[in-house]
Amino acid sequence: MAQAFFGGVHPHDMKAATNAKAIEQLAPPAEVVIPMSMHFGAPCTPLVKVGDEVKVGQKIGEFRGLGAPIHASVSGTVTAVEPRPYSMGGNMMSVVIKNDFQDTISEEVKAPADPDALSVEEMIEMVKQAGIVGMGGATFPTHVKISGGIGPVTDVLINGAECEPYITGDHRTMLERPEEIIGGCKFLAKMFGVDKVVIGVEDNKKDGIEAMNKVIAEQKAPVVVEPLHCRYPQGGEKQLCQAITGRQVPPGGLPSNIGCAVFNINTTCAIYRAITTGMPVVRKIVTVSGSGVVEPKNLECPIGTPVSLLFDACGGLKENTYKIIAGGPMMGMAQYTTEVPVGKGTGAMLAFCENEEQTVENPQCIRCGKCVEACPVHLEPLMMYQYAAKGMVDELNEAHIMDCMECGACAFACPARMHLTHMFKTAKQLVKDKAAADKAAAEAAKKAEEEKKEAAKV
């Protein structure tokens, strides 16, 4: 039984332009630029150098600590290993591969003889080596989430909400690849040792729900599809947990704290492909839409494809386009160039024109409280904004600024059009910088005290 979560807003879904558009394969790019950071954690170390020949699925980036390996998405020759523009801002060390258009599969890609006979440990290792991360945008390494959740997790949830406006890649995957989704669910059920896996889907995707239910019935799979009422940010992990189970994730906590693990629809498909074929994450489905796009589409392309090619495949951009966003309009990041590459977490590339710019240069809060009503994690955005504007770090901590999920619901609800989400991102950095400075000062004081004691002994 679907529950309600606190707060949230109801933006127009804007999905009509692409929700009936089948996933198209993008023409192979002449060159891919693969950034060494497409996951939560430190960037990977490149394993190749200029002049090396690589094949599809070959590991070209290795991680240390928290992370996931990175693989070549095309076969060809490495032409550069250097910093390149990056969708999260600035430049990132990247491996540039000139495509030979042969799509030669690497010897590293090996399908198991019998996927159903694999042990839990073997499946987790395959997920790890495939470089699978949260492909809805969070990019947290999937093997870490699985291995850390075995035992505490009693409810495995698949996030099919896709509540961000414009984005329809998950919806099309439900319609066109339901077998992969259900297959991935069955592997997750085995790894976590649960009786069933629940797929949460907003009820504006009834045809997607029907397609998956048909496969579930045919395979007698231990999977249940739970229709959810449409409300943003339904796709947030904490909100999805509450909507499906009725349990709330505590402040500063994770879904595992209430016995839940959440995986994106396309992450689930990637798990299925990795375990059945051995193929790592080398391709991504991207919704290309917005008023600035001539012909919106859902495109599947190799990781590292410059987004300019995606726009070209959609007829290009309109002349008066003023903004390009990687991701959805609520949580995505504006881009300064179309030469950034598609990454594992790139779900959409949006372009906007006409009269959609609604920002105000010097907005003034009218203290209406709509932002408080909209916040899905019970924060007080109007107070946090004031603390951030004045650099009041202690007050920001007391206001639980780090619990802000940057969903943009408060900014959407604000009649004064305050720049709330942007301010909170800046405020979080203030808090992190203060914590780092305090830690450094404490360590320096400790070292000085130790040196003083040593000097006293002499």
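The values are calculated or read from the model by the stated rules, or taken from the named source; none is laboratory data. Just so it is clear, the model here is predicted, and its values are computed rather than measured. Don't worry about glycine lacking a Cβ; one is built from the backbone with ideal geometry, like all the others, and counts go over all protein chains shown. Note: areas computed on protein heavy atoms with side chains; ligands, DNA, RNA excluded. Shrake-Rupley method; radii C 1.70, N 1.55, O 1.52, S 1.80 Å.
Sorted into 5 angstrom bins from 0, the C-alpha pair distances of segment 194-274 split as 3, 13, 22, 26, 20, 12, 4, 1, 0 percent. Please report the net charge: other residues with Cβ closer than 12 Å to the Cβ of GLY184, K and R +1, D and E -1. Charge balance near GLY184 sits at +2.
Stretched out fully, how many nm does the piece from THR426 to ALA445 gain, at 0.36 nm a residue minus the Cα gap? Don't skip to the end; give the middle numbers.
On the way: separation 19, 0.36 × 19 = 6.84 nm, distance 2.86 nm.
The span from THR426 to ALA445 would gain 4.0 nm if fully extended.
Net charge around ASP433, counting only other residues with Cβ within less than 15 Å of its Cβ (Lys, Arg = +1; Asp, Glu = -1)? Before the final figure, lay out the partial values.
Numbers: positive: LYS425, LYS428, LYS432, LYS434, LYS439; negative: ASP394, ASP438.
Residues close to ASP433 contribute a combined charge of +3.
Taking the Cβ of CYS269 as the center, what net charge do the other residues with Cβ under 10 Å away carry, scoring Lys and Arg +1 and Asp and Glu -1? Summing Lys and Arg as +1 and Asp and Glu as -1 gives -1. In the chain, the portion of solvent-accessible area held by carbon and sulfur atoms comes to 54 percent [1.4 Å probe, whole percent, DNA, RNA and ligands not counted].
In plain terms, the chain from CYS368 to LYS190 could stretch by 59.1 nm, reckoned as 0.36 nm per residue minus the Cα-Cα distance. Using R0 = 41 Å, the C-beta based FRET efficiency linking LYS323 and HIS378 works out to 0.85. Using equal-weight Cα scatterers in the Debye expression, the normalised intensity of the chain in log10 at q = 0.12 Å⁻¹ is -1.10.
Using 0.36 nm per residue, how much length does the chain from ALA334 to ALA416 gain when fully extended, once their Cα-Cα distance is taken away? Each step should come with its number before you reach the end.
Numbers: separation 82, 0.36 × 82 = 29.52 nm, distance 2.15 nm.
Taking ALA334 through ALA416 to full extension adds about 27.4 nm, to one decimal.
Within the chain, antiparallel bridges make up roughly 60 percent of the DSSP beta bridges whose residues both belong there.
At 1.4 Å probe radius, can you tell me the per residue accessible area of the chain in Å²? Mind dumping the intermediate values first?
Numbers: 20680 Å² over 458 residues.
The answer is 45 Å² per residue.
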